[in-house]
1. What does the C-alpha gyration tensor say about the overall shape of the range 16-110? Classify as rounded when a/c is under 1.5, otherwise prolate if a/b is larger than b/c, or oblate.
2. Kindly provide the helix-only [θ] at 222 nm of the chain, computed as the sum of -39,500 (n - 2.57) over DSSP H runs of four or more divided by all residues, to the nearest 500 deg cm²/dmol?
3. Using alpha carbon centroids, what distance separates the range 98-159 and the range 1-52, in Å?
4. Which value, in Å², gives the accessible area per residue of the range 31-151 when a 1.4 Å probe is used on the protein heavy atoms?
5. With every protein chain left in place and a probe of 1.4 Å, what is the accessible surface of K132, to the nearest 10 Å²?
6. Listed highest first by mean packing, meaning other Cβ atoms within 10 Å per residue, what order do 38-50, 22-34 come in?
7. Where does helix 75-88 land angle-wise versus the long Cα axis of the chain, in degrees 0 to 90, nearest 10?
8. With an 8 Å cut-off on Cα pairs and a minimum separation of 6 or more residues, tell me the relative contact order of the chain in percent.
Amino acid sequence: MSNRIGFGIDFHQLTEARELWIGGVKIPHHKGAIGHSDADVLLHAICDAMLGAACLGDIGLHFPNTSKEFENIDSKILLKKTFELVKKENYKIINIDSTICVEEPKIRPHVAKMQKAIAGILEVSLNDISIKATTTERMGFIGRGEGIAAYATVLLERI
Ligand SMILES: [Zn+2]
């Protein structure tokens, strides 16, 4: 049995007049994340962690932000494509642990929907997808509501 661990991190700027997508779910908020795709910070961190575990490079290598193909794309599609890459290397996902770091809005009420969206794509159970949330206690760019960050760790098993 061969297990592999991977780590991913992502940041996005927050601004008025953008939708806020986190973990594949649209969150009602007066600000949203800026990005080439739908700027889903959690899904991007998870993609990077999966690619890292399989030693397949990073999200920018596979889905360049200069490509028209990925402009405004739903990041659930990127997650699915990443899963296909990992599956091609004969890996399955054991579990994911993640943390979203944002001052507001509150993340907790949306976690169950995020878990469902991610688990459905990655063919795992809800309790294989851990999603936590924290703030920076009003310090720094996240504390000022200028940005959002997500961190993810994934464990893969070679099948
Ligand atoms: Zn991103």
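1. Oblate.
2. Here the helix-only value at 222 nm equals -8500 deg cm²/dmol.
3. 8
4. Normalised by residue count, the accessible surface of the range 31-151 is 48 Å².
5. 80
6. Averaged packing, sorted descending, gives the order 38-50, 22-34.
7. The answer is roughly 20 degrees.
8. 34 percent.
The values are calculated or read from the model by the stated rules, or taken from the named source; none is laboratory data. The structure presented is a predicted model; accordingly, all values stated were derived computationally and were not measured. Note: ideal-geometry Cβ built from the backbone for every residue, glycine included; neighbour counts use all protein chains shown. Remember, those area values only see protein heavy atoms, side chains included, never the ligands or the DNA or RNA. Shrake-Rupley method; radii C 1.70, N 1.55, O 1.52, S 1.80 Å.
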